Each structure stands twice: as C-alpha cells, then as structure tokens.
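Participant: Structure in structure tokens, see below.
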Amino acid sequence: KRDGLLQLMFKVGNGAKTVYDKDYNSDRTFYLYDAEKIVGLLSRLGFEIVQADKDKLGGVMYFTDPKPMEHCVVFARKIR
C-alpha cells in the first residue's frame with residue numbers, strides 16, 4: 001500500500017546454512033540473502049528506506065542471534 005511501512009527481516013549471507021536451534025531441539029536450514037541486493041530490489045519496486053527518527057526505528061539494521069546467525073532488518077516505504 002502506498003505510504004505503508006514495510007519491516008522486512010531476513011538472515012544475511014549467501015546460499016543456505018543449517019544450525020542447531022535449541023528452541024526447536026533440532027537442526028534447521030535457512031536461506032541467506034544479501035542485504036544490498038534486497039535494498040536494491042526494493043528500490044526498483046518503488047520503495048525508499050525509512051530513516052530512524054528520534055524513538056522510531058528505521059534504516060537498515062544488523063544483529064546476531066544466539067544460534068548464531070546474522071540478521072538484517074530493513075524499514076522501507078512504497079513511494080510510487
């Protein structure tokens with residue numbers, strides 16, 4: 001929806017990675033994605049990155065969870 005906010009979270013890297021997930025008590029396989037390619041695709045689809053503002057999250061943020069797997073969160077808004 002135009003002017004709506006997209007919050008997209010994905011695991012960062014190339015290919016796929018299998019890790020043990022203690023919360024599920026099993027190995028899990030995840031597909032990995034390149035953050036720059038995702039941001040470029042969003043741009044071609046008419047989205048712009050929403051920057052953080054005061055107490056509101058925004059931009060492109062990275063974090064690592066306990067598995068350990070690197071994640072990326074992108075905040076974007078449809079402009080066209």
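The values are calculated or read from the model by the stated rules, or taken from the named source; none is laboratory data. In this text the structure is predicted, and so the values were computed from the model without any measurement. Only protein heavy atoms, including side chains, enter the accessible area calculation; ligands, DNA and RNA are left aside. Shrake-Rupley method; radii C 1.70, N 1.55, O 1.52, S 1.80 Å.
Participant: At 1.4 Å probe radius, can you tell me the per residue accessible area of the stretch 25-80 in Å²?
Facilitator: 70
Participant: Carbon and sulfur: what percent of the chain's accessible surface (1.4 Å probe)?
Facilitator: 51
Participant: What number does the chain give for Rg over Rh if you use C-alpha atoms and the Kirkwood radius?
Facilitator: With Rh from the inverse mean 1/r over Cα pairs, Rg/Rh is 1.05.
Participant: Let me ask something additional. How large is ³J(HN,Hα), in whole Hz, for each residue of the stretch 58-73 in order, when computed from phi with the Karplus curve 6.51 cos²θ - 1.76 cosθ + 1.60 and θ = phi - 60°, using x for Gly and Pro?
Facilitator: Taking θ as phi minus 60°, the curve returns x, x, 10, 10, 10, 7, 10, 9, x, 5, x, 9, 7, 10, 10, 10 Hz for the stretch 58-73.
Participant: Something else about it: Taking H placed 1.01 Å from N in the peptide plane, check which residues at least 5 places from D21 or on another chain put their amide H under 5 Å from its amide H.
Facilitator: The list, which skips near neighbours in sequence, is S26, D27, R28.
Participant: Now a separate question. Which entries of K37/K78; K56/K78; K37/K67; K22/K54 show an alpha-carbon separation above 27 angstrom in the structure shown?
Facilitator: From K37/K78; K56/K78; K37/K67; K22/K54, over 27 Å: K22/K54.
Participant: Rounded to the nearest 10 Å², what accessible area does T29 show when all protein chains are kept and the probe is 1.4 Å?
Facilitator: That residue has around 90 Å² of solvent-accessible surface.
Participant: For D55, D21, D65, give the ranking by accessible area with the largest first, probe 1.4 Å.
Facilitator: Largest accessible area first, the residues go D55, D65, D21.
Participant: I'd like the accessible area for K67: 1.4 Å probe, protein heavy atoms, all chains in place, Å² to the nearest 10.
Facilitator: 60
Participant: If I fit a long axis through the Cα atoms of helix 35-44 and take the longest principal axis of the Cα atoms of the chain, what angle between them do I get, 0 to 90°, rounded to 10?
Facilitator: Long axis of 35-44 versus the principal axis of the chain: about 30 degrees.
Participant: Add -39500 (n - 2.57) for each DSSP H run of 4 or more in the chain, then divide by its residues: what number comes out at 222 nm, to the nearest 500 deg cm²/dmol?
Facilitator: -3500 deg cm²/dmol
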